Structures are given as C-alpha cells and as structure tokens.
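To start, the structure itself, in structure tokens.
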Amino acid sequence: MLEILLEPLQYSFMQRSLLVAIIVGIISAVIGSYLMVQRLALLGDAISHSVLPGLAIAFCVGANIFIGAFIAGIISTILMNLIKTRSPIKEDAAMGIVLSAFFALGIILITIIQKDNKIDLNHFLFGNILGVTVGDLRETLITGVIILLVVVLLYKELLFYTFDPLGAQAVGLPVNLLNLGLMMLIGLTIVASLKAVGVVLVLSLLITPASTAYLLVKRLHQVMILGVGIGILSSISGIYISYFYNLPSGPAIVLVSFGLFILVFLFSPTQGILTHPPSIPSQYSIWRELKSLIK
C-alpha cells in the first residue's frame with residue numbers, strides 16, 4: 001500500500017501537482033464557505049465562466065494569463081452589480097446574462113486563437129493539474145498566501161457582513177468595500193484553481209467541500225477547517241486516481257468531492273437522510289397530493 005502511495009512521488013510533475021492540489025483545496029474551501037453561507041453559488045459560477053475571455057486576450061498579447069483572467073473576473077463582477085443596481089433586473093438574472101455572454105466570448109476567442117496558432121487551450125476549460133510548471137506552482141502559492149492573509153485579517157468583518165449585511169452597514173462597516181474585497185477573493189481563488197479543474201468545474205471545488213462540511217458542523221470557522229480537509233482529500237485522491245487510471249485530473253477531483261458529499265448527505269450524524277429520515281417521507285406526501293388531484 002505504501003509503495004502505491006509513494007510511486008507517483010518519484011516524478012517531479014506529480015510532486016508539483018500534489019502541492020498545487022493542497023493549496024487549491026485549502027483556499028477553495030475557505031472562500032467557498034462564504035459563498036455557501038451567502039447562498040451565492042451562482043456568483044462563483046458566473047465569475048469562473050467570465051474569466052475565459054481574459055485568459056484568451058492575455059494569451060494573444062503575451063501577458064500573464066492569470067492576470068488576464070483576474071481582470072476579466074473583476075470586470076464581470078462590476079458589470080453584474082451595475083445591472084443589478086441600475087435596473088429592475090434581479091441578481092440571479094444579471095449573473096446569468098453576464099455568465100453566458102462572457103463565456104460565449106471566451107469560446108469564440110479561444111477558437112480564433114486555435115485556428116491561428118494550432119495549440120490546445122482546452123485545458124483552461126477542464127483543467128490540467130498534471131501539467132503544472134514550477135512557475136504555476138509559485139503563482140498558485142503566492143495567490144493562496146494572499147487570500148488566506150486577507151481572510152485572517154478581515155475575518156470578523158467578513159463574518160459580520162456575511163451573516164448580517166444590514167447590521168454591518170448600521171455599525172459603520174464599509175460594506176461596499178467588503179463586498180468588492182470578497183469578489184476579488186473569489187476571483188483570485190478561481191484563477192488559482194484553473195490549472196486544477198478548469199473553468200467548467202471550478203464551482204464544484206468552491207462549493208462541494210464547504211457544503212459537505214456544513215452537513216457536519218455549523219459554525220463558519222468549523223466549516224472552513226473541515227472543508228479544507230475535505231478539499232485537500234478530494235484533490236489528492238483525484239490526482240492519484242487520474243495517475244493510476246489515466247483519467248482527466250479535473251473531473252476525477254470533482255467526482256471524489258461529490259462522492260464524499262453523497263456519503264455525508266446519507267450518513268451525517270445530524271443531517272443524514274438515512275440516519276435522520278423525515279417523519280413523513282416527502283415521496284409519500286407527493287403521492288397523497290397526486291391522489292387528491294385525481295379525486
């Protein structure tokens with residue numbers, strides 16, 4: 001068993017991949033906890049898809065693609081807030097509009113680039129953690145340290161704002177700056193996770209570990225700590241599965257994370273549907289309602 005675990009570590013690309021997986025597992029769970037508590041999963045999805053044009057444009061001009069992705073994510077966030085505040089359109093609709101438009105633009109730009117350069121940029125969509133370089137590892141580490149430092153320094157303020165935005169505003173906290181800061185942290189986390197799972201699957205890494213932890217514990221710091229452990233376990237396990245069975249690394253990580261969620265969903269000591277079944281199963285309620293409609 002030990003030999004199986006140590007075998008991939010003889011390769012430098014696996015060492016880099018595991019380090020990136022650990023970093024991404026940590027920051028995704030921490031920032032994902034805020035998204036889950038605020039019920040803003042769609043926002044994470046919108047920003048993750050909106051970074052694609054930034055990746056493509058940065059590649060065209062020879063700039064750092066991660067900086068391009070981050071800028072595109074911030075622009076999309078500003079646009080979503082502008083639509084929400086300056087029109088009667090609701091927040092979820094604004095997210096859907098911006099998400100689809102930016103993602104479509106990104107696909108078009110990538111298609112154009114591939115025609116001219118004959119290179120494969122699909123790993124931006126689905127991740128390629130086994131192909132990380134030393135430079136990618138360094139950038140991911142720096143990004144992760146920045147994210148965690150900001151969360152530690154602003155933990156109390158973000159906690160207050162997350163659970164009670166109106167109360168935070170009433171006591172004089174700069175809620176607009178806190179909101180912008182949280183959006184920037186989400187954008188940085190998504191950019192750092194691109195190599196691991198790609199644009200399409202990054203939302204799962206943001207939401208699933210934190211949601212799994214939420215079924216076991218309730219306090220935000222507990223959700224973060226347990227979510228970090230689940231995120232790291234999912235990332236490392238996914239990489240090993242990818243290595244031994246020659247599977248795409250990003251989807252493997254996501255499926256392991258989902259598998260852990262299903263286990264907790266079924267067997268959680270306090271929330272599991274098998275350990276704490278409802279007094280009146282919902283399916284029976286549905287059948288009774290159908291029978292009453294037929295009568």
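The values are calculated or read from the model by the stated rules, or taken from the named source; none is laboratory data. These figures come from a predicted structure and were not determined experimentally. Ideal geometry is used to build each Cβ from the backbone, glycine not excepted, and the neighbour counts take in all protein chains shown.
Figures for the structure shown
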{"read-out": "Residue list for segment 31-42, filter: of a type in the set (A, V, I, L, M, F, W, C), over 10 Å from the mean Cα position of the chain (by Cα) and either closer than 17 Å to Ile253 by Cα or part of a helix (DSSP H, G or I) (or both)", "value": "Met36, Val37, Leu42"}
{"read-out": "Helices (runs of 4 or more DSSP H) wholly inside segment 81-200 that include at least 1 residues being surrounded by fewer than 18 Cβ atoms within 10 Å (Cβ to Cβ) and at pLDDT 85 or above", "value": "91-117, 134-153, 155-163, 165-170"}
{"read-out": "Residues that are within 21 Å of Ala101 (Cβ to Cβ) and assigned to a loop (DSSP other than H, G, I, E, B), drawn from segment 50-72", "value": "Val51"}
{"read-out": "Matching option when the condition is of a type in the set (A, V, I, L, M, F, W, C) and in contact with a Lys or Arg (Cβ under 6 Å, 6 or more places away or on another chain), among Ala29, Ala94", "value": "Ala94"}
{"read-out": "Index of the failed condition, Pro53 passing every other in (1) crowded, with 19+ Cβ neighbours inside 10 Å; (2) touching a residue at least 60 places away in the same chain (Cβ under 8 Å)", "value": "(2)"}
{"read-out": "From Ile225, Ile286, residue being out of contact with any Asp or Glu (no Cβ under 7 Å at 6 or more places or on another chain), at pLDDT 90 or above and among the hydrophobic types (A, V, I, L, M, F, W, C)", "value": "Ile225"}
{"read-out": "Residue in segment 211-246 that is surrounded by the most Cβ atoms within 10 Å (Cβ to Cβ), counting only those that are among the small types (Gly, Ala, Ser) and closer than 16 Å to Ala21 by Cα", "value": "Ser235"}
{"read-out": "Any hit, segment 43-50, residues being without any contact (Cβ under 8 Å) to a residue 40 or more places away in the chain, buried (at least 18 other Cβ atoms within 10 Å of the Cβ) and either under 20 Å from Asn176 (Cα atoms) or over 20 Å from the mean Cα position of the chain (by Cα) (or both)", "value": "no"}
{"read-out": "Filter result for Arg16 (more than 13 Å from the chain's Cα centre (by Cα) and not in a helix (DSSP H, G or I))", "value": "no"}
{"read-out": "Top-ranked residue in segment 237-270 [being under 20 Å from Phe124 (Cα atoms) and of a type in the set (A, V, I, L, M); ranked as modelled with the highest pLDDT]", "value": "Leu255"}
{"read-out": "Odd one out for Ile47, checked against (1) modelled with pLDDT of 85 or more; (2) assigned to a helix (DSSP H, G or I); (3) of a type in the set (Val, Ile, Thr)", "value": "(1)"}
